[in-house]
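Notes follow once the structure below has been shown.
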Amino acid sequence: MLITAIPDTARSQQYPAKPVRILTAQVGGGTDFVARLIAQGLTESFKQPVVVENRGGNVVLSAEAVAKSPPDGYTLLIYAATLWVAPLLAPLPYDAIRDFAPITLATEAPNMLVVHPSVPAKTVKELVALAKARPGVLNYGGSTTGSTTHLAVELFKSMAHVDLVRVPYKGQGPMFTALMSGEIQLTITSGAALLPHVKSGRMRALGVTSARPSALFPGMPTVAATVPGYESETVFVAFAPAATPPAIVNLLHQEIARTLGRPDVKERCFAAGNEVVASPPRETAAAIRKDLDRMSKLIRETGIRAE
C-alpha cells in the first residue's frame with residue numbers, strides 16, 4: 001500500500017519509496033522477536049525491504065539515532081518501557097515524549113508473581129499478610145536497576161504496603177537459580193520464562209500481573225484481585241521520530257495491526273508469551289503517559305537511581 005506523502009519537501013514522493021529501518025535492542029530478546037515479526041509483515045505489505053538493526057547494550061544507542069532521524073517514516077524504533085523509564089533514572093540525550101511519535105503498542109507480555117515452595121503462602125493475599133507480619137524478612141530477586149523485574153516488585157511493595165528486601169542479580173538465570181534454591185523467596189518477572197519452573201514444582205505461582213486474567217495462564221488469578229490497580233507487563237511499542245506526518249504514522253499502524261492480526265503471527269506471539277494489542281497511535285500515547293506518570297511517582301518516592 002502506498003500513500004502520497006506529506007512533508008512539504010517531498011510532496012510528490014510516495015511512501016514507502018525506499019527501504020525502511022527498524023532499530024531495536026540486542027538480538028534474541030523479546031523486543032527483537034516482535035521487531036522481526038513486524039519487519040517481515042511490512043516488507044510484504046510495502047513491497048520494500050524493512051530491515052531490523054540491532055543496537056544492543058543501551059537504549060540510548062537506538063533511541064537517540066531514531067530521535068535524530070528525518071521524520072519521514074524510514075527510520076523506526078521498537079522498544080520496551082525502558083525507553084521512557086530510563087530517563088527517569090538518569091539524564092539521557094532524548095525525551096521519550098517530545099522526540100517520538102507512538103505508532104502502536106504492538107504486544108504485551110504479562111509477568112508472574114512466584115515464590116519458593118517453602119514460603120507458607122498459597123495466594124497473593126496470604127503473601128501480603130506474611131510480608132506484613134515479617135517486615136524486612138522476605139527477599140526478592142531483582143535484576144538491573146530500573147528493569148521491569150525491579151520496578152514490578154517495587155510497585156507491588158508500594159501498593160501492597162509491604163517491606164521486601166531486594167537482592168540484585170546480573171541476569172535471569174542466576175536469579176532463577178537463587179529462587180529455586182531458596183536463597184530468595186520471591187520475584188516478579190516474565191510469566192513465559194517462569195512457567196516451566198512453576199510446572200516442575202520448583203516455584204509456586206501466586207498471580208499474573210496483567211490487569212485482567214490472561215489467556216496465556218488460564219485459571220491464574222491476577223495480583224490486582226488482591227492489590228487493586230496493580231499492573232505490570234512487558235510492552236513492546238513501535239515509534240517514529242516526532243513530527244512524522246500523521247498519514248504515515250496511521251499507515252504504519254494499519255499495516256502493523258494487519259500483520260499482528262494474522263492467525264499465524266498471533267499464534268507465534270502467544271507461543272512466545274505475548275498477547276497482541278496493536279492499539280492505535282492516540283491510545284498508545286495515552287498508555288505511555290499513564291505508565292510514565294506511575295513510574296515517575298514510584299521512582300521519586302522510592303529514590304531509585306541508576307547504578
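Computed from the coordinates by the stated procedures, all read-outs in this text should not be read as laboratory data. All of these numbers come straight from a predicted model, not from anything done at the bench. FYI the Cβ positions are ideal-geometry reconstructions off the backbone, even for glycines, and counts take in every protein chain you see.
Would you mind listing how long the stretch 110-225 runs along its three principal axes, going by Cα atoms, in whole Å with the largest first?
Per principal axis, max minus min of the Cα coordinates gives 33, 28, 28 Å.
Between residue 98 and residue 193, 0.36 nm times their residue separation minus their Cα-Cα distance comes to what? Kindly include the intermediate steps, with their values, before the conclusion.
On the way: separation 95, 0.36 × 95 = 34.20 nm, distance 3.38 nm.
Going from the current span to full extension adds 30.8 nm.
7 Å from Cα along Cα→Cβ at both residue 272 and residue 297: what's the point-to-point distance in nm?
Modelled inter-label distance: 3.3 nm.
Sort 262-272, 78-88 by the packing proxy (mean of other Cβ within 10 Å over each peptide's residues), most packed first.
Listed from highest to lowest mean packing, they are 78-88, 262-272.
Quick check: net charge around residue 196, other residues with Cβ under 14 Å of its Cβ, Lys/Arg +1 and Asp/Glu -1?
So the surrounding residues net to +3.
Under the Karplus relation 6.51 cos²θ - 1.76 cosθ + 1.60, θ = phi - 60°, what is the ordered set of whole-Hz ³J(HN,Hα) values for the stretch 230-239, x standing for Gly and Pro?
Working through the residues one at a time gives 6, 7, 8, 10, 7, 10, 10, 10, 9, 10 Hz.
Where the centroid of each part is defined by its Cα atoms, how far is the stretch 222-270 from the stretch 118-194 in Å?
First find each Cα centre; the distance between them is then 27 Å.
Would you tally the net charge around residue 222, using a Cβ to Cβ cut-off of less than 10 Å, leaving residue 222 out, and scoring K and R as +1, D and E as -1?
0
Non-local amide H neighbours of residue 279 (under 5 Å, H modeled in plane, Pro and chain starts lacking H): which ones?
The list, which skips near neighbours in sequence, is 105.
Out of these labelled values of Rg/Rh (Cα atoms, Kirkwood Rh), [x] 1.00; [y] 1.07; [z] 1.38, which was calculated from the coordinates shown here?
Answer by label: [x].
For residue 17 and residue 144, what is the calculated FRET efficiency with R₀ set at 41 Å and r taken between the beta-carbons, to the nearest 0.05?
Using R0 = 41 Å, I get an efficiency of 0.55.
Taking 0.36 nm per residue of separation and subtracting the Cα-Cα distance, what length does fully extending residue 126 through residue 183 add?
In short, 18.5 nm is gained.
Quick one: of 266/297; 122/157; 132/170; 157/290, which pairs are farther than 23 Å apart, Cα to Cα?
Over 23 Å apart, Cα to Cα: 266/297; 132/170.
Assuming 0.36 nm per residue, please report the length gained on full extension of the stretch residue 264 to residue 137 beyond their Cα-Cα distance.
41.1 nm
Have a look at 35, 224, 17 and tell me which one the Gaussian network model of the chain (Cα, springs below 10 Å) gives the largest fluctuation.
The residue with the greatest mean-square fluctuation here is 17.
Would you calculate a helix-derived [θ] at 222 nm for the chain, using -39,500 (n - 2.57) for each DSSP H run of n ≥ 4 and dividing by the full residue count, to the nearest 500?
Computed ellipticity for the chain at 222 nm equals -12500 deg cm²/dmol.
Rank-order 195-202, 44-51 by packing density, defined as the average count of other C-beta atoms within 10 Å over each peptide's residues, highest first.
In descending order of packing, they fall as 44-51, 195-202.
Mind listing the phi-derived Karplus ³J(HN,Hα) values for the stretch 194-208, rounded to whole Hz, using 6.51, -1.76 and 1.60 with θ = phi - 60°, and x for any glycine or proline?
7, 3, x, 6, 5, 5, 7, x, 7, 9, 10, 7, 9, x, 9
So for 75, 107, fewest C-beta neighbours within 10 Å to most, what's the order?
75, 107
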